[in-house]
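Structure, as structure tokens:
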Amino acid sequence: QVQLVQSGGGLVQAGGSLRLSCVASGRTFNSYVMAWFRQAPGKEREFVARINCCGGSTYYLDFVKGRFTMSRDNAKNTVSLQMNSLKPEDTAAYYCAASKDGGSIYGEYDYWGQGTQVTVSS
């Protein structure tokens, strides 16, 4: 069982930056693929970024490439999402997620954080 607790988010003007963090319980954190998803009102939850368990390889939604950076610290059971050059279209609830072998589909992830709101004003 893995529990994920998120922090960060908030309200920022377009062009600004925010950082999201997600702390996981358990001693096997470094065996999980970690990901961030987001869901805007009236839309389906969409993949944003993921990082593999060990080597730290990352993969991003095209729309956020070059603006968002995902990282992990296995010693602290933490993943982060640094979001720069934010756009109003980035407004959504953001969720961290964990899976043994997840890809880019939310159904592949077994554990979810509580979600945190990111609002970007124009």
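When only C-alpha pairs under 8 Å and at least 6 residues apart count, what is the relative contact order of segment 47-122, in percent?
26 percent.
When ligands, DNA and RNA are left out and all protein chains stay put, how many square angstrom of accessible area per residue does the chain have with a 1.4 Å probe?
51
By average Cβ neighbour count within 10 Å, what is the ranking of 90-96, 105-111 from highest down?
90-96, 105-111
At 1.4 Å probe size, with no ligands or nucleic acids counted, give the accessible surface of Thr119 in Å², nearest ten.
Thr119 exposes around 50 Å² with every protein chain in place.
Which ³J(HN,Hα) values in Hz, rounded to whole numbers, follow from the phi angles of segment 40-50 under the Karplus curve 6.51 cos²θ - 1.76 cosθ + 1.60, where θ = phi - 60° and Gly and Pro get x?
Values per residue, Gly and Pro as x: 8, x, x, 10, 6, 5, 10, 5, 10, 6, 9 Hz.
Grab the Cα-Cα distance for Ser104 and Ser121, subtract it from 0.36 nm times how many residues apart they are, and report the gain in nm with one decimal.
Here the segment from Ser104 to Ser121 would lengthen by 3.4 nm.
Work out the length of the dipole vector of the chain about its Cα centre, built from +1 on the beta-carbon of each Lys and Arg and -1 on the beta-carbon of each Asp and Glu, and round it to the nearest 20 debye.
It works out to roughly 260 debye.
Projecting each Cα onto the charge dipole of segment 1-92 (Lys/Arg +1, Asp/Glu -1 at the beta carbon, about the Cα centre), which of Ser25, Gly10, Trp36 comes out farthest on the positive side?
Ser25
How large a share of the accessible area of segment 6-88, in percent, is made up of carbon and sulfur atoms when the probe is 1.4 Å and the other protein chains stay in place?
The nonpolar share, carbon plus sulfur, comes to 48 percent.
Which of Ala24, Ala40, Ala75 ends up with the largest GNM mean-square fluctuation for the chain, with Cα atoms connected below 10 Å?
Answer for the Gaussian network model of the chain: Ala75.
The values are calculated or read from the model by the stated rules, or taken from the named source; none is laboratory data. The structure presented is a predicted model; accordingly, all values stated were derived computationally and were not measured. Ideal geometry is used to build each Cβ from the backbone, glycine not excepted, and the neighbour counts take in all protein chains shown. Just so you know, the surface numbers come from the protein's heavy atoms only, side chains and all, with ligands and any DNA or RNA stripped out. Shrake-Rupley method; radii C 1.70, N 1.55, O 1.52, S 1.80 Å.
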